[in-house]
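Below is one structure. I have some questions about it.
Just so you know, all these numbers are worked out from the coordinates, no wet-lab data involved. If you're wondering where the values come from, they're calculated on a predicted model, not measured in any experiment. Here Cβ is always computed from backbone atoms with ideal geometry, including for glycine, and neighbour counts include all displayed protein chains.
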Amino acid sequence: MALILLIEDEPGLRLTLTDRLIAEGYSVESRADGLAGLESARTAGFDLILLDVMLPGKDGFAICRTLREEGVDTPVLMLTARGQVDDRVAGLKLGADDYVPKPFHTPELLARIEALLRRAKKEPLTENTRFGDITIDAKAAIVRRGDQEVVLSAKEYQLLRYLVQRRGEVVTRETLLREVWGYQATPNTRTVDVHMTWLRQKMENDPSEPVHLVTVRGLGYRFDG
Ligand code: CA
């Protein structure tokens with residue numbers, strides 16, 4: 001059963017949504033202002049955050065940005081004002097995973113929640129994930145090879161993390177482009193290949209014969225470790 005954090009200041013909507021989500025089998029905690037919401041969102045354990053944009057204390061954009069900067073990768077679904085296209089784009093750029101414009105039809109919101117939870121199902125990175133001589137310290141976002149820190153760009157790290165969390169699973173270039181690059185993506189899967197080449201040079205003993213970041217011909221990539 002998934003645990004959802006609802007950050008929404010409008011009392012009526014907060015109550016209605018909480019009741020409905022509980023009726024759908026979710027556990028729900030709700031916060032009525034941005035500061036309390038951020039504080040709760042930081043404490044791990046939520047499977048999804050439903051985040052209103054206009055909030056007292058701290059707005060939804062600031063909350064989302066702060067969480068991502070702090071490395072909290074809980075899926076965020078933003079509740080944006082109707083027609084505020086800029087709001088939606090801003091939210092996604094700040095690290096939100098999806099948005100639903102207000103006023104929304106509850107079945108649509110429920111479908112988005114379900115889709116997001118399904119997408120987010122992944123192997124949690126423990127504090128130290130190891131493969132070969134590589135250690136990923138997920139809390140500090142540091143990768144080490146033996147005792148040496150490996151300097152990765154933000155995208156290289158996100159790409160590595162995404163694949164490691166789906167160990168053994170084939171991930172297509174299109175999925176990587178959508179999930180790792182999101183809306184900043186130039187619509188070109190070559191970007192993924194270029195970053196994969198860089199990542200292999202840093203991660204693999206023999207980048208031309210990768211054993212962890214494996215190409216699955218005609219499909220995409222897979223992490224083995
Ligand atoms: Ca509001």
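Strands (runs of 3 or more DSSP E) wholly in the range 111-225 with at least 3 residues that are more than 25 Å from Glu70 (Cα to Cα) - which ones? Break it down into steps so the answer makes sense when it comes.
Details: elements: 128-131, 134-137, 142-145, 148-150, 170-172, 213-216, 220-223.
Where strands (runs of 3 or more DSSP E) fall fully within the range 111-225 and carry at least 3 residues being more than 25 Å from Glu70 (Cα to Cα), they are 170-172, 213-216, 220-223.
Let me confirm something: among Leu77, Leu67, Leu51, which residue is under 19 Å from Leu116 (Cα atoms), in contact (Cβ under 8 Å) with a residue 24 or more places away in the chain, part of a helix (DSSP H, G or I) and aliphatic (A, V, I, L, M)?
The match here is Leu67.
Separate question: In the set Val72, Val100, which member is in contact with a helix residue (DSSP H, G or I) (Cβ under 8 Å, 6 or more places away or on another chain) and assigned to a loop (DSSP other than H, G, I, E, B)?
Working: Val100 fails: assigned to a loop (DSSP other than H, G, I, E, B).
From the options Val72, Val100, the qualifying one is Val72.
If you take the residues of the range 17-54 that are within 14 Å of the ligand (Cβ to nearest atom) and within 17 Å of Pro107 (Cβ to Cβ), which of them is surrounded by the fewest Cβ atoms within 10 Å (Cβ to Cβ)?
Leu17
Out of the residues in the range 1-16 meeting the condition of being in a helix (DSSP H, G or I) and either in contact with a Leu (Cβ under 6 Å, 6 or more places away or on another chain) or not basic (Lys, Arg) (or both), tell me which one is nearest to the ligand (Cβ to nearest atom).
Leu13
Which of the residues belonging to the range 15-65 are of a type in the set (Lys, Arg) and under 23 Å from Leu92 (Cα atoms)?
Correct list: Arg31, Arg42, Lys58, Arg65.
Given the criterion surrounded by 13 or more Cβ atoms within 10 Å (Cβ to Cβ), free of Cβ contacts under 8 Å to residues at least 40 places away in the same chain and of a type in the set (Val, Ile, Thr), identify the matching residue among Val211, Val180, Val171, Val194.
Testing whether each residue is surrounded by 13 or more Cβ atoms within 10 Å (Cβ to Cβ), free of Cβ contacts under 8 Å to residues at least 40 places away in the same chain and of a type in the set (Val, Ile, Thr) leaves just Val180.
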